[in-house]
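Participant: This is the structure I want to talk about, given as structure tokens.
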Amino acid sequence: MAKKGARTTEMADYEVHVPLQAVLLADSFAQKFRPITLERPKMLLPLVNVPMIDYTLEWLASAGVEECFVFCCAHANQITSHLNKSPWMSQPDFTVSIIESHDCVSAGDALRVIEQRGVVRGDFVLVSGDTVSNMSLTEVLKEHQERRKKDKLAVMTMVVKKSKPSPLTYQTRLGNDELLLMIDPQSKQLLHYDAVREPGSRDSLQGNYVQRHVSLDRSIFHDRPVVQLSNNLQDCHIDICSPEVLLLFTDNFDYQQLRRDFVKGLLSDEIMGNKIFTYEISNEYAARVDNLRAYDVVSQDIIHRWTYPMVPDILCAGPKASMRLERCNVYKEGGVILARTAMIGENTVLGEDTTVGDNSSIQQSVIGRGCTIGKNVVIEGCHIWDDVRIEDYVQLRYSVVCDGATVKKGAILEPGVVLSFRVVIGSEFRVPAYSKISMVPQPTEEDSSDEELEYADVASGRADSPRSPFTEDQSTRNGSISGDEDDTAEGPNWDPIEVGETGAGYRWAVRDGGQEEEWRHSVAPIPPEKIQEIAAANSEHDVEEVDYDIRALGGRDSLEEEEDEDEEEEDDFEKEVAETFLRAARGVSGVQQEHVVIEVNSLKLAFNKTFADCAGAMFKAIIDLALEAPHPTAKELLSITKDVFSRWGSLLCKFLKGSDDEHEVLLTFEEICIESHKEFAPLFSQVLHMLYDIDVVSEDAIIAWASEKQYADESDKVFLKQSEKFIQWLKEAPEEEDEDEEDDT
């Protein structure tokens with residue numbers, strides 16, 4: 001007993017342990033996944049054959065979270081059923097509690113309910129159930145808590161990650177709007193948060209990007225010699241919050257959305273003085289699946305194992321057999337049956353008990369469980385969920401096909417198509433690009449944000465809605481609908497113009513102003529004509545696409561920081577050019593040489609580069625392509641290099657506008673031989689001769705390079721000496737030609 005009393009006294013001297021808690025919002029309160037989310041909650045949609053919410057829970061559990069409160073709203077019964085059947089409810093060190101509310105229409109409403117329940121007892125992680133990450137929470141929690149000890153007004157820390165926006169579409173690769181963030185680089189305090197493009201604005205629809213002026217209060221710069229203005233940071237939507245965050249939502253019912261209302265509201269509220277800080281990650285992964293383009297990109301990141309340990313062979317194991325990883329990122333679950341002539345390409349996942357017929361080709365796609373794929377089928381860049389039937393001679397490219405759908409013989413799905421649950425596409429029918437087809441008819445009027453709640457209520461039997469034609473239990477896999485006494489056995493008379501003669505489903509029309517979202521938020525690649533349109537607009541205006549006019553900006557600049565930023569920007573530019581070129585060189589569907597020229601010219605504008613910079617970056621990319629092939633000897637490397645330049649030299653020439661640009665290519669080649677790829681050093685003169693023969697570099701450029709080298713140190717004349725015979729031949733060749741002309745006269 002004495003020991004027990006001593007223990008109690010000892011514990012009184014310390015703070016009572018508060019477990020690390022997380023609030024997971026299992027409702028996105030958005031409509032970007034319609035019509036799919038009218039029947040199933042977004043958090044249960046399969047991401048590489050695993051429900052999205054399982055990635056988030058797996059990460060939280062592995063990162064040390066001890067208690068997780070899952071807030072459910074629309075389709076709460078489905079999420080509750082999933083969690084109750086999952087192992088999450090029986091984890092020894094990770095407690096999952098479900099909180100339901102059927103009246104919330106925003107994240108602000110959800111957090112007000114959380115505050116009313118009184119379950120949060122300390123700092124907590126706020127995250128959406130469509131988040132995929134492998135980051136450690138240790139450092140960000142430590143920073144947040146140490147900051148809180150010094151400043152009680154530091155109520156939130158946002159996780160951000162550097163992500164270069166696309167200069168062509170003004171969006172990150174995840175399809176999100178570009179952000180403009182102002183941060184104090186010393187304290188990491190967030191000073192300004194703004195989406196550069198207003199979604200749905202007329203300018204964004206037409207692809208014309210106007211100048212944007214940002215006016216800031218002078219008080220921001222008080223006692224801050226330097227501020228950091230960034231438009232290349234991705235908001236990971238992972239927040240470390242103090243309990244005061246919940247109170248702030250309760251005190252202000254105008255706070256509905258987390259970023260547009262709460263974050264911007266706090267930053268503009270000078271009276272209360274609450275502060276938000278940032279924490280930047282670099283080598284760790286964090287992304288939110290906010291739209292279909294992000295869905296596709298994050299899926300590919302998972303397949304490429306950037307999210308390790310959240311990868312298919314660890315998370316996708318079925319009940320019968322585990323997932324196995326094969327060469328070229330091909331994943332197969334147990335029970336997969338492939339015809340001998342079936343071709344499975346790289347970056348592909350095949351779910352349990354799926355069969356693939358003769359001469360069918362699948363690449364860069366995720367196939368769910370229990371699917372039947374017929375003969376001579378072509379599938380590229382698709383996401384096909386469970387129990388889908390695809391008959392012979394079907395072609396599907398960059399589409400999403402949900403559970404129980406059927407695509408009949410000879411049908412074609414053009415890029416960007418979404419087929420919701422149990423939809424049937426008739427034989428030989430071509431579905432136009434970006435079509436969305438569902439067994440749920442499209443509402444006749446634009447609905448409120450709680451429409452999913454109304455449909456979910458009908459599906460769960462809590463309510464009746466005149467807009468909902470059926471409940472989940474009433475729907476059947478062949479597309480017919482029962483439950484209405486007047487319906488025939490065949491169900492409604494489907495419009496053959498929308499789904500084919502033997503099809504079933506309603507095609508949703510594009511709302512006014514929605515054309516922009518169709519290509520921006522699609523799993524399909526950005527159309528070449530859209531790239532050309534934006535590039536042409538950029539070239540016409542010949543200005544920076546987004547102009548930030550920062551008023552009242554004062555203080556001193558750090559020369560070293562500017563130099564580091566310049567080097568980083570140079571690396572980003574060269575990487576962007578290389579990736580653009582390699583897409584064409586590796587035969588990515590739809591990418592032609594003319595598209596590469598358009599994209600690189602746009603990169604030139606975006607990074608404020610010259611044609612010489614473009615030529616140098618393109619030359620490096622071509623050299624890297626040559627090095628990809630096996631080259632055990634210098635002779636074989638030279639032969640491969642000649643073949644590669646014979647094919648792609650004409651593309652390089654598109655950026656060579658004169659001998660000065662050609663001179664830059666020679667200097668770049670020298671740099672490559674000395675620093676990055678020394679195996680080219682003994683081949684310098686031979687490659688130089690080859691570049692001359694195929695008209696990549698001219699005689700004038702070579703002689704100018706040689707003349708410049710005459711005054712260099714001996715150590716810098718290595719390649720000049722190696723090329724002396726060739727250069728001498730160039731100098732003598734014109735004299736011989738002149739003599740021949742004189743003899744002819």
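Participant: Mind running the shape call on the stretch 610-745? Use the C-alpha gyration tensor, a ≥ b ≥ c as the square roots of the eigenvalues: rounded below 1.5 for a/c, prolate if a/b tops b/c, oblate otherwise.
Facilitator: Because a/c hits 1.5 or more and a/b exceeds b/c, the stretch 610-745 counts as prolate.
Participant: Mind jotting down a quarter of the surface of the convex hull over the alpha carbons of the stretch 7-149, in square nanometres, one decimal?
Facilitator: Directional mean of the projected Cα hull area for the stretch 7-149 stands at 10.4 nm².
Participant: Same structure again: Between the alpha-carbon centers of the stretch 620-669 and the stretch 86-113, tell me the distance in whole angstrom.
Facilitator: If we compute the Cα centre of each part, the gap is 57 Å.
Participant: Please arrange LYS725, LYS149, LYS32, LYS436 by counting, for each residue, the other beta carbons lying within 10 Å of its beta carbon, fewest first.
Facilitator: Ranking LYS725, LYS149, LYS32, LYS436 by Cβ neighbours within 10 Å, fewest first, gives LYS149, LYS725, LYS32, LYS436.
Participant: Would you mind ranking VAL644, VAL119 by Cβ crowding within 10 Å, fewest neighbours first?
Facilitator: Sorted ascending by nearby Cβ count, the order is VAL119, VAL644.
Participant: Right, here's the next one. Count charges around ARG117 for me, please; just the other residues with Cβ under 15 Å from its Cβ, Lys/Arg as +1, Asp/Glu as -1.
Facilitator: Surrounding charge for ARG117 is -3.
Participant: By a straight-distance test (C-alpha under 20 Å), which lysines pair with LYS142 as possible cross-link partners, with residues fewer than eight away in the same chain excluded?
Facilitator: Within reach: LYS150, LYS152, LYS161, LYS188, LYS275.
Participant: Please state the relative contact order of the stretch 610-745 as a whole percent: Cα pairs under 8 Å, 6+ residues apart?
Facilitator: Here the relative contact order equals 25 percent.
Participant: Mind scanning LYS709/LYS731; LYS642/LYS725; LYS620/LYS725 and naming the pairs with a C-alpha gap bigger than 23 Å?
Facilitator: LYS620/LYS725
The numbers here are math on the coordinates, done by the rules we state, and not lab data. Owing to the predicted nature of the structure, the values given are computational and were not obtained by experimental measurement. Methodologically, a virtual Cβ is constructed for each residue, glycine included, from the backbone with ideal geometry; neighbour enumeration extends over all protein chains shown.
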